[in-house]
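Asker: Below you'll find the structure I mean.
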Amino acid sequence: MARDVVLKVENVWKYFGSVIALKDINLEVYRGELLVLLGPSGSGKSTLLRIIAGLEKPTKGHVYMDGEDITDLPPYRRDTSMVFQSLALFPNMTVYDNVAYGLKIRKIPKDEIDRRVDEILELVKIKELKDRKVTKLSGGQRQRVAIARSLVLHPKVLLLDEPLGALDLKLRKELHVELKRLHEEIGNTWIFVTHDQEEALTLADRIGIMNNGMLEQVGDKWDLYEKPATRFVAEFIGETNLITGKVKEIYEKYIVISWKNINIIAPRVSGVDRGSEVAVSIRPENISIGSKPITQREGTNIYKGEIVDEIFKGSYVTYYVRLKNGEVIRATVLSKDAEYDVEDQIYIYWDYDKGVTITD
Amino acid sequence: MSEEKGLSQITNNTTKNLIKLIRYVLGNIPGFIYILIMFYVPIAILFAISLTKPSKYVVSWEFTIENYVKVFTEATYYRILWNTFLIVAVATILLIIVAYPIAYYLARVAPNIGDRLLLFTIIPVEINYLIRIYAWRVILGENGFLNMLLISLGIIQKPLTIFFYSWFAVVIVIIHEYLPYVVVPFYLNLRGIPREIYEAAMDLGASRLQILKTITLPLSKPGLLSVIFIVFIPTLGEFAIPSLVGGQTGLMLGNLIDRYLSQFNLAIGATLSFFLLLFSILVSIIMIRIFGYEALYAR
Amino acid sequence: MPNETIKNKLIKWSLTAYTIIVIGFFIYFPIAILYIYSVNNTPYFIPEWRGFTLQWFMKIFERSDLINSIWNSLVIALLVTSVSMAMGIPPSFYLVRRKGKIRDIYFLYLMIPFIIPWIIIGVADFIFFWYMGIEKSLLTAALAHIVYSIPLIVVIITPRIYSLDPSIEEASMDLGADELTTFRKVTFPLIFPSIASAAIITFAWSFDNFIISYFTLGNELTWPVWIFSVIGKVPRIMPVINAMSVIIITLSSIAIYTLAKKGLTELF
């Protein structure tokens, strides 16, 4: 399916002195989507955002907007607008002056400014604070001002750099819902940077996972969750058991991996040779537990093990199961089905197809 | 038992607070009394004497407000008062205009070396200021550097006398004297503005000049307040500079006060001093009213 | 866009040039003059090079009045610094740690001598000493200096105490240290940099102060007042003052620079 690409990042590298901040980033952003760049701090996600905004110049590579090369354009010549981590509200101005700032700079007539500011303040629900000084606002209100200040310019692409970072959890959750609504109502393209995977999963249409200056994988949340391309992605999104071993045998659909004296069968992927090292990611909720081995069931990995720990997490329980090779596997079970105790000898099993073979 | 313990805890705390309070009081008493005896009592005496009939070497103790009326009605006084205000106002405004770009340069253009450069701006200030005033006599004098330079450049034919022993010389030397003190508060002020604020303005479409006008300058207001306190008010009482380079046109209030004190005409001297005190406090109050109290603490 | 880069470069270069020219002319030019004339072989400030000489430096030792005045200034500055530190540090703590009306009034009480022109302190104390029949001397000048240096110290130290996290002291006391030990081992080391810079600034200020000394000194003069008394009246002495100034400038610049390098940047 060919999608309408509004912004394209092509082979972008960024060095700060001898430190590599970004390595060969390629990214296509679709019109109207909310893309979240997710990664730990120092992964380069903010740098990438600043390059898109024009606040940094890439060392190598190009940025295109609607096919036009904007790599060398200063921020004020780009149809992007940024919401900063610190919000960077102008402390000497009122809410109105902050929001109207970009419009005044563009010499738009006063009555139109008023109209547009009112409209946007209405949208972010802070119209009554119009004449308040921004230094006299609460965290959530400041947040809304910052977003309104950018949105009022109707940017093609709105960039948000961890704008909720300073807020407490409850307020963040409220604002997630708000942001989602705003995005749907306005319908322009948003790129949102965060290190919080829950935030990413809540907001995103698609997520780009960044690590060590590289864009590891871009996709919708189900793709990332079910088909992680790299070990980092598998571990970063949700919980997983990551098993690494050497490929022993290769069949038409499956491969056999030797993992410390245990054989594991996982789906075959291209580029796998006998003897090469691969990883298999199995989500804890895909692993079942039984007190008896389910023999003769086709396409299932079955192992005997002992429960060494259990952690109650409300609606489900995570069991830590030690296999005979000494390794521990996590399996989660709904609380109502959690009938085992520590030191119980049990069997764990999962379908071959539930494993994801990763070759990075 | 636990109740008892709680009670003893409370008394314990009260005792502790009391001890703390006593310690504060004891620690503050010397300073308090010192300032009282060496400042407020002398100011009270000064004020009392300013209300007496002028008489040399003695205080007449005949009360009158004549002195204050005189100061505003007799040309000898109010001309110099006005002159003082004018010199100081012009010097302050020029200082702000001259110093602001330097502070801007140190804080925004060369932030990595700003601190070190600032040091080089400040070091000379720690040098005796009378000798530096004298150095300006050498530069601005009739046969001084400036005249020689202008003559050798063919701009003027014979030495100009306007540079020296004038209003102009006083202003120049005040600028020299106070330039670092004006750069520093603006510098600290500008450094305190987060980079993201500028980036946000740029991102919203503002050019360099527009950012300066809409963001940087308005946010420099606390620096302006410091300048009023650091330059404007102290120079109102300047005495050495006008004495050494001021001549007739550069006479200031300080010279007048000195003249009356050295003649032991204390009543007039006291009146002028007390007027200066009131005026300084008035300016301070106005500044705090305009810029807000918290600006006093703003660095 | 190359256009933008050129414009930015242009702004940068013109600001650099401006800074160098202004600082050079207004601040370093007169100082350079002092240095040049301290080794120029002429007692007059004629714009002419008459050859290198060290005679003005030698002549410093022939002027006992000059040496005396330097000595007097040092004594006063030392006295002023130690006394006003003792009286300025406790109020600093009080002003930071307490809140309320009394505190605010006390703050104003201490700050008024600080914000007004120095000449007022000089004149008020001049009249005070005269009225009380106290003979003016080095001591009376030092007493007048302290009126200004107490609030000066408060102004330098309070921001540092403000930035001090009170929980650090609480933690120390919680760990069993009594208040005195806490102050010695925790609070004092933390505020030491500001105390040190307060001491240095007070010393330099007192050493350099002219106007208060001018009104409150007796027959013994301090260095600035002595200079004032000879400027323009004893022409042949000017190069000697130059030489002495060059010595002071050089020594104090080195001292400030080393201190600043060691991290006492809050000197300013």
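Asker: How much accessible area per residue does the stretch B:66-297 have, counting only protein heavy atoms and a probe of 1.4 Å, in square angstrom?
Answerer: Working: 8990 Å² over 232 residues.
On a per-residue basis, the stretch B:66-297 sits at 39 Å².
Asker: With a 1.4 Å probe on protein heavy atoms only, work out how much accessible surface C and B bury together, total over both chains, in Å² to the nearest 100. List each step's numbers first, then the result.
Answerer: Working: alone 16680 and 18590 Å², together 27310 Å².
In total, chains C and B hide about 8000 Å² from solvent.
Asker: Which positions within the stretch B:27-45 get 30 Å² or more of their accessible surface covered by the other protein chains, compared to the chain by itself, with a 1.4 angstrom probe?
Answerer: B:G27, B:N28, B:G31, B:F32, B:Y34, B:I35, B:M38, B:F39, B:Y40, B:P42, B:I45
Asker: Okay, next question. For A:D223 and B:R79, what is the calculated FRET efficiency with R₀ set at 56 Å and r taken between the beta-carbons, to the nearest 0.05?
Answerer: The value I calculate is 0.05.
Asker: Enumerate lysine pairs in chain B that are 8 or more residues apart or on different chains, then count those whose Cα atoms are under 28 Å apart.
Answerer: Numbers: B:K5/B:K16; B:K5/B:K20; B:K53/B:K70; B:K56/B:K70; B:K213/B:K221.
Lysine pairs, 8 or more places apart or on different chains, close enough: 5.
Asker: Name the residue farthest towards the positive end of the dipole of chain B from the options B:I97, B:I175, B:I155, assuming +1 on Cβ of Lys and Arg, -1 on Cβ of Asp and Glu, about the Cα centre.
Answerer: Working it through, the farthest residue towards the positive pole turns out to be B:I155.
Asker: Other chains' Cβ within 10 Å of B:176-188 residues: what's the mean?
Answerer: Working: counts 6, 2, 1, 4, 4, 1, 0, 4, 1, 1, 0, 1, 1.
Taking all residues of B:176-188 together, the mean is 2.
Asker: What FRET efficiency, computed as 1/(1 + (r/R0)^6) with R0 = 45 Å and r the Cβ-Cβ distance, is obtained for B:E62 and C:I36, rounded to the nearest 0.05?
Answerer: 0.20
Asker: So who's got an amide H within less than 5 Å of the one on B:T64, skipping anything under 5 residues away but keeping other chains? H placed 1.01 Å off N, in plane.
Answerer: B:T52, B:K53
Asker: With n ≥ 4 as the cut-off for DSSP H runs, can you work out [θ] at 222 nm for chain B, using -39500 (n - 2.57) per run divided by the number of residues, rounded to the nearest 500?
Answerer: Values: 15 runs with 203 residues, N = 299.
Calculated mean residue ellipticity at 222 nm is -21500 deg cm²/dmol.
Asker: How much area per residue is accessible in chain C when the probe is 1.4 Å and only protein heavy atoms are counted (Å²)? Present the calculation step by step, with values, prior to reporting the outcome.
Answerer: Working: 12570 Å² over 268 residues.
In whole numbers, chain C has 47 Å² accessible per residue.
Asker: Heavy atoms of the protein only, probe of 1.4 Å, neighbouring chains included. What is the accessible area of B:I122 in Å², nearest 10?
Answerer: 10
Asker: Next question, about the same structure. Whenever you get a sec, compute what percent of the accessible area on chain B sits on carbon and sulfur atoms (1.4 Å probe).
Answerer: Values: 9260 of 13680 Å².
In chain B, the share of accessible area belonging to carbon and sulfur is 68 percent.
Asker: How big is the charge dipole of chain B about its Cα centre, in debye rounded to the nearest 20, if each Lys and Arg gets +1 on its Cβ and each Asp and Glu gets -1 on its Cβ? Intermediate results must be reported in sequence, preceding the final value.
Answerer: Working: 21 positive and 15 negative charges, 29 e Å.
In total the dipole reaches around 140 debye.
Asker: Which percent of the accessible heavy-atom area of the stretch A:205-256 goes to carbon and sulfur, probe 1.4 angstrom?
Answerer: Details: 1240 of 2490 Å².
Carbon-and-sulfur percentage of accessible area, whole number: 50.
Asker: Now for a separate question. Ordered by residue, what ³J(HN,Hα) values in Hz, to whole numbers, does the stretch C:132-144 give under the Karplus form 6.51 cos²θ - 1.76 cosθ + 1.60, where θ = phi - 60° and Gly and Pro are x?
Answerer: Per-residue couplings from phi come out as 7, x, 8, 5, 6, 7, 4, 4, 4, 5, 4, 4, 6 Hz.
Asker: Here is a further query. Based on the Cβ-Cβ distance of B:Q157 and C:R236, what FRET efficiency does E = 1/(1 + (r/R0)^6) give at R0 = 56 Å, to the nearest 0.05? Don't jump to the answer; show the numbers that get you there.
Answerer: On the way: r = 32 Å, r/R0 = 0.57.
Calculated transfer efficiency: 0.95.
Asker: Normalised by the residues of chain A, what does the relative contact order come to in percent, with Cα pairs under 8 Å and at least six apart?
Answerer: Values: 735 pairs, mean separation 54.6, N = 360.
The value is 15 percent.
Asker: Next up: Return the average number of partner chain Cβ atoms within 10 angstrom of each residue Cβ along peptide A:81-93. Kindly include the intermediate steps, with their values, before the conclusion.
Answerer: Working: counts 4, 6, 2, 7, 1, 6, 3, 10, 3, 8, 6, 9, 3.
The per-residue average across the peptide is 5.
Asker: Straight-line reach only, C-alpha to C-alpha below 18 angstrom: list the aspartates and glutamates that A:K104 could link to, leaving out same-chain residues fewer than 8 apart.
Answerer: Counting by Cα, and skipping residues close in sequence, A:K104 has these aspartates and glutamates nearby: A:D79, A:E112, A:D114, A:D118, A:E119, A:D131, B:E199, B:D203.
Asker: Cross-link candidates for A:K227: which aspartates and glutamates have Cα within less than 14 Å, leaving aside residues fewer than 8 places away along the same chain?
Answerer: Straight-distance partners of A:K227: A:E216, A:E235, A:E239, A:D353, A:D360.
Asker: Right, next: List the lysines whose Cα sits under 16 Å from the Cα of A:K127, skipping any in the same chain fewer than 8 residues away.
Answerer: Answer for A:K127, where 16 Å is the Cα cut-off: A:K136, listed by chain and number.
Asker: With all protein chains present and a 1.4 Å probe, how do C:W118, C:W49 order by accessible area, largest first? Before the final figure, lay out the partial values.
Answerer: Numbers: C:W118 85, C:W49 145 Å².
Ranking C:W118, C:W49 by accessible area, largest first, yields C:W49, C:W118.
Asker: Counting only the heavy atoms of the protein chains, how much of A:K125 is accessible to a 1.4 Å probe, in Å² to the nearest 10?
Answerer: Roughly 110 Å² of A:K125 is accessible to a 1.4 Å probe.
Asker: Hey, for a label at C:F192 modelled as a point 7 Å past Cα toward Cβ, could you say which residues of the stretch C:89-111 have their backbone N under 12 Å away?
Answerer: none
Asker: Looking only at C:I105, C:I67, C:I211, which one moves most when chain C is put into a Gaussian network model with springs between Cα atoms under 10 Å?
Answerer: Of the options given, C:I105 has the highest mean-square fluctuation.
Asker: Which value, in square angstrom to the nearest 100, describes the accessible area buried between chains B and A on both sides, using a 1.4 angstrom probe?
Answerer: Details: alone 18590 and 17680 Å², together 34500 Å².
Summing both sides, the interface buries roughly 1800 Å².
Asker: Rounded to the nearest 20 debye, what is the charge dipole size of the protein assembly as shown about its Cα centre when +1 sits on each Lys and Arg Cβ and -1 on each Asp and Glu Cβ?
Answerer: Values: 92 positive and 86 negative charges, 475 e Å.
It works out to roughly 2280 debye.
Asker: Helix-only estimate, please: 222 nm mean residue ellipticity of chain A, summing -39500 (n - 2.57) across DSSP H runs of length 4 or more and dividing by its residues, to the nearest 500.
Answerer: Result for chain A: -7000 deg cm²/dmol, rounded to the nearest 500.
Asker: Gaussian network model of chain C, Cα springs within a sub-10 Å range: biggest mean-square fluctuation belongs to which of C:S38, C:S163, C:S149?
Answerer: Among C:S38, C:S163, C:S149, the largest GNM mean-square fluctuation belongs to C:S163.
Asker: Can I ask one more? Just tell me how shielded C:205-212 is by partners: mean number of partner chain Cβ atoms within 10 Å of each residue's Cβ, no decimals.
Answerer: Details: counts 1, 0, 2, 6, 1, 6, 7, 0.
Mean number of neighbouring Cβ atoms from other chains: 3.
Asker: Could you work out what % of the accessible surface of the stretch A:135-197 is carbon and sulfur, using a 1.4 angstrom probe and leaving DNA, RNA and ligands out of the count? Write out the running numbers ahead of the final one.
Answerer: Details: 1320 of 2420 Å².
Result for the stretch A:135-197: 54 percent of the exposed heavy-atom area is carbon or sulfur.
Asker: Can you list the residues of the stretch C:114-128 whose accessible area drops by at least 20 Å² going from the chain on its own to the full set of protein chains, with a 1.4 Å probe?
Answerer: Going by heavy-atom accessible area, the residues of the stretch C:114-128 that drop by at least 20 Å² are C:I115, C:I116, C:P117, C:I119, C:I120, C:V123, C:A124, C:D125, C:F126, C:I127, C:F128.
Asker: Using the Cα centre of the stretch A:5-235 as the reference point, and only Cβ charges (+1 on K/R, -1 on D/E), how large is the resulting charge dipole? Debye, rounded to the nearest 20. Kindly include the intermediate steps, with their values, before the conclusion.
Answerer: Working: 35 positive and 35 negative charges, 156 e Å.
Magnitude of the dipole: close to 740 debye.
Asker: Follow-up question, since we're still on this one. Which entries of A:K125/A:K180; A:K110/A:K156; A:K170/A:K336; A:K221/A:K354 show an alpha-carbon separation above 19 angstrom in the structure shown?
Answerer: Details: A:K125/A:K180 14 Å; A:K110/A:K156 23 Å; A:K170/A:K336 29 Å; A:K221/A:K354 17 Å.
Exceeds cut-off: A:K110/A:K156; A:K170/A:K336.
Asker: While we're looking at this one, here's another question. So for chain C, if I pair up every lysine 8 or more residues apart or on another chain, how many of those pairs have alpha-carbons under 29 Å apart?
Answerer: Details: C:K12/C:K261; C:K59/C:K233; C:K99/C:K185; C:K136/C:K233; C:K185/C:K261; C:K185/C:K262.
For chain C, qualifying lysine pairs total 6.
Asker: Using only the alpha carbons, work out the radius of gyration and Dmax of the stretch C:2-55 in angstrom.
Answerer: Using the Cα atoms of the stretch C:2-55, the pair Rg, Dmax is 18.7, 59 Å.
The values are calculated or read from the model by the stated rules, or taken from the named source; none is laboratory data. Keep in mind the model is a prediction, meaning the values are calculated, not measured. As a convention, Cβ positions derive from the backbone with ideal geometry for all residues, glycine included, and neighbour counts pool all protein chains shown. Just so you know, the surface numbers come from the protein's heavy atoms only, side chains and all, with ligands and any DNA or RNA stripped out. Shrake-Rupley method; radii C 1.70, N 1.55, O 1.52, S 1.80 Å.
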